[in-house]
Amino acid sequence: MEQTLSIIKPDAVAKNVIGKIIDRFESNGLRIAAMKKIKLTKEDAAKFYEVHKERPFFNDLCEYMSSGPVVVMVLEGENAVKKNRELMGATNPKEAAPGTIRADFAESIEANAVHGSDSLENAKKEITFFFAGREIL
Ligand code: CMP
């Protein structure tokens, strides 16, 4: 069993499709082990996306991720990291395969509906960033 971190981003929360996105996870063998709705500060977003700090889109990304509430979740299941990324689709919704979350709900490469950890190692770090052990059930 693996765990991975998922974020439903401000664009998807504003569109009122939290339930539709969660259904994709639950219908495809992933279980929600932890979940909360929060509003990040720009500083929180900068810390979370620190690996991207030299990228030209970093400042805009941090502004965007702190522009409205997000839903953060720990998803659990077999090959959860890979499974979640398959369900999300490509970062750029224009390149995302039909039927993926980003193809169906994302607005743009920045406002791309969801985030998912890209490796098991990063999943552990990202889960610890948002959740205390007692919140993961
Ligand atoms: P995410 O999977 O959360 O990881 C980093 C985020 O940076 C990514 O999704 C996008 O929202 C954003 N991102 C990646 N590439 C670009 C880009 N070229 N322009 C703007 N935002 C980007």
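The values are calculated or read from the model by the stated rules, or taken from the named source; none is laboratory data. All values reported here derive from a predicted model rather than from experimental measurement. Using ideal geometry, Cβ is built from the backbone for each residue, glycine included, and neighbour counts are taken over all protein chains shown.
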Neighbours by Cβ (under 6 Å, 6+ apart or cross-chain): first from region 115-137, buried (at least 19 other Cβ atoms within 10 Å of the Cβ); second assigned to a helix (DSSP H, G or I): Gly116/Asn84; Gly116/Arg85; Gly116/Met88; Ser117/Val81; Ser117/Ala123; Ser117/Glu126; Ala123/Val81
Checklist (1) within 9 Å of the ligand (Cβ to nearest atom); (2) surrounded by fewer than 20 Cβ atoms within 10 Å (Cβ to Cβ) applied to Pro98, failing item: (1)
Residue list for region 72-90, filter: crowded, with 16+ Cβ neighbours inside 10 Å and out of contact with any Phe, Trp or Tyr (no Cβ under 9 Å at 6 or more places or on another chain): Glu76, Ala80, Val81, Arg85, Met88, Gly89, Ala90
Boolean, Met35 is within 16 Å of the ligand (Cβ to nearest atom), surrounded by 12 or more Cβ atoms within 10 Å (Cβ to Cβ) and at negative phi: no
Qualifying residue in region 73-81 (condition: under 18 Å from Asp11 (Cα atoms), more than 10 Å from the ligand (Cβ to nearest atom), of a type in the set (A, V, I, L, M) and in contact with a Ser or Thr (Cβ under 8 Å, 6 or more places away or on another chain)): yes
Scan of region 101-131 for residues that are small (Gly, Ala, Ser) and more than 10 Å from the ligand (Cβ to nearest atom), ordered by number: Ala103, Ser119, Ala123
Hey, Glu78 in contact (Cβ under 8 Å) with a residue 24 or more places away in the chain and within 13 Å of the chain's Cα centre (by Cα) or not: no
First in region 1-24 and touching a residue at least 60 places away in the same chain (Cβ under 8 Å) and under 18 Å from Ile127 (Cβ atoms), second anywhere and more than 16 Å from the ligand (Cβ to nearest atom) and assigned to a helix (DSSP H, G or I), Cβ under 6 Å, 6 or more apart: Ile8/Ile18
Options Glu63, Glu2: the member that is in contact with a Gly (Cβ under 8 Å, 6 or more places away or on another chain) and at pLDDT 95 or above: Glu2
When residues of region 4-20 are limited to those that are surrounded by fewer than 24 Cβ atoms within 10 Å (Cβ to Cβ) and farther than 14 Å from Lys37 by Cβ, the one farthest from the ligand (Cβ to nearest atom): Lys20
